[in-house]
1. Can you tell me the length gained on complete extension of the stretch Leu12 to Thr65, counting 0.36 nm per residue apart and subtracting the Cα distance?
2. Whole angstrom only: what separates the Cα centroid of the stretch 4-38 from the Cα centroid of the stretch 54-73?
3. I need the peptides 24-30, 69-75, 50-56 ranked by packing, meaning the mean over residues of other C-beta atoms within 10 angstrom, with the highest value on top.
Amino acid sequence: MVGWVDAWWLRLALGLLGSGIIALAAYRVRSLSGSGALAAIIMGTSYVTLGGPLWFGALMVFFVTSTALSKFKRRHRAKQDAEAN
């Protein structure tokens, strides 16, 4: 099927474990809300189970870059507001 791990249930378990760890870490640093963390676990597990490591990697690249840009934009806007006053 996917090739890297043939048993779907093992991919499901690995996806759930990996996505859970990543979502918990993102929740703790306030990059995700509670519902966002739950959605990340569902999406990450689905990507690993059905798509494989390439698709999960693409999802992770999107998450990391969008989080970094959001935090940068928030800091940049706060700095502009402070300088304007």
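1. Values: separation 53, 0.36 × 53 = 19.08 nm, distance 2.53 nm.
Working it through step by step, the gained length comes to 16.6 nm.
2. 15
3. Working: 24-30: 12.3, 69-75: 10.6, 50-56: 15.9.
Sorting 24-30, 69-75, 50-56 by mean packing, highest first, produces 50-56, 24-30, 69-75.
A short reminder: the numbers here are calculations on the coordinates, not readings from a lab. Predicted model, so just to flag it, every value in this text is computed and none were measured. Cβ coordinates were reconstructed from backbone atoms using ideal geometry, including for glycine residues, and neighbour counts include every protein chain displayed.
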